[in-house]
Structures are given as structure tokens and as C-alpha cells.
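Notes for the one structure printed next.
The values are calculated or read from the model by the stated rules, or taken from the named source; none is laboratory data. A quick note: this is a predicted structure, and the numbers were derived from the prediction, not measured. FYI the Cβ positions are ideal-geometry reconstructions off the backbone, even for glycines, and counts take in every protein chain you see.
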Amino acid sequence: MSYNNIVENREYNMKICGVELKGSEAIVCLLSFKDGLFNLPECRVRKVEFNKRNSTGDIRYFQSTFSKLMADYSIDEVVIKERPLKGKFAGGALGFKMEAAIQLIDDLNVETMSPQVFKESIKRNPVVVPFAETGLKAFQEAAFTVAYAKHMNLQYPPPPVESVE
């Protein structure tokens, strides 16, 4: 199903995995949307850890583990919460390696979501359920909200940016 069909029909069944990269972990949250309802499918893990030894074998193992998790749950798309390259909240080198490993998984649609797009999406379409009622762990909140924001951007695309000429 193409992006245009999703937007035109506004009726779709899609599973998105939201990811927040923090330290040496990829924190995940699965969120599906079907028949106008959100669902939080059970998942065998809440985070995928990356061994800090930083060898090629460790990177491949992390990539393989993440890929298998996505295949097992038939994930349609992965959306990673983007981190700044520099400054107080900049991501670490390990996080960028994990991000690259996820992005390079064959046959997996992966996108990063900038803080600006994320904030605008949540502003236009606030989460209607208090996070505490989702049954997720507190550390999964960012992964959940980035998956939610992606679903909202597919259902209710942001207005086009007007160009100034």
C-alpha cells in the first residue's frame, strides 16, 4: 500500500514500531491502527540492547536481533526519534551506530522523525489517553509518542508548507 493510498483512504491497518535510542539501548513500542482504533500489541521485549564492546560482530548481532523482532511482529514501518547531532541533548556515537544499523536492515521501512515534526504532529493531534493507562513502562513513553505521531501524520498529513516567492 502506497503512502498516497493511505492518505486518500484514511482507512488502513498498519503496525509501526516507535524507537527511542538511549545510551546502548533501542527502546521500542509497537503501535497498530485498524478500523479507527489504536492497539498496543504485546511484545516479547521492551528494548534491544547493544553490547558496548563496539565490534563489527556486536553491530551485526544488534542488527540481526532488531530485524528478527520486526519480522516476528510483521512491522510495516519503524520510526526513530531523531536526536540532535550536537549540543546538550546530542546523541552519542553508539546511538548513531545503532540508528545506522536499523536503517540498513533490508526490506524494513525506516524513517527518522525530527523534533519539529514530532512536536507539530502532537500539537495538531494530542494523545487522547493518559500514558499511565496504556500499560507501558514509563521509559517507553518517547517510543510510544513517536509511533503515535507517525500514525497521525499518515492519517492527517500536515498542511503543505507555503513557499515565499
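What helices (runs of 4 or more DSSP H) completely inside the range 89-165 contain at least 2 residues that are modelled with pLDDT under 90 and among the hydroxyl-bearing types (Ser, Thr, Tyr)?
Numbers: elements: 93-103, 115-124, 141-155.
Ranges flagged: none.
Which residues, taken from the range 114-141, are within 21 Å of Glu99 (Cα to Cα) and crowded, with 18+ Cβ neighbours inside 10 Å?
Phe118, Gln140, Glu141
Would you mention how many residues in the range 51-79 are more than 21 Å from Leu108 (Cα to Cα) and surrounded by 11 or more Cβ atoms within 10 Å (Cβ to Cβ)?
So the answer is 2.
Taking strands (runs of 3 or more DSSP E) that fall entirely within the range 9-66, which contain at least 2 residues that are touching a Lys or Arg at 6+ places or on another chain (Cβ under 8 Å) and of a type in the set (Val, Ile, Thr)?
Ranges flagged: 14-22, 25-34.
Consider the range 98-125. How many of its residues are β-branched (Val, Ile, Thr), within 14 Å of Ala26 (Cα to Cα) and in contact (Cβ under 8 Å) with a residue 40 or more places away in the chain?
Qualifying residue count for the region: 1.
Which condition does Glu82 not pass, out of (1) over 30 Å from Asn13 (Cα atoms); (2) crowded, with 18+ Cβ neighbours inside 10 Å; (3) of a type in the set (D, E, K, R), if it passes all the others?
Going through (1) over 30 Å from Asn13 (Cα atoms); (2) crowded, with 18+ Cβ neighbours inside 10 Å; (3) of a type in the set (D, E, K, R) one by one, Glu82 breaks only (1).
Please indicate, with yes or no, whether at least one residue in the range 101-112 is of a type in the set (A, V, I, L, M), surrounded by fewer than 16 Cβ atoms within 10 Å (Cβ to Cβ) and closer than 16 Å to Gly18 by Cα. Steps first, answer last, please.
Kept after step one, since they are of a type in the set (A, V, I, L, M), are these residues of the range 101-112: 101-102, 104-105, 108, 110.
Filter once more, so that each one left must be surrounded by fewer than 16 Cβ atoms within 10 Å (Cβ to Cβ): 104.
Then drop every residue that is not closer than 16 Å to Gly18 by Cα, which leaves none.
The answer is no; no qualifying residue exists.
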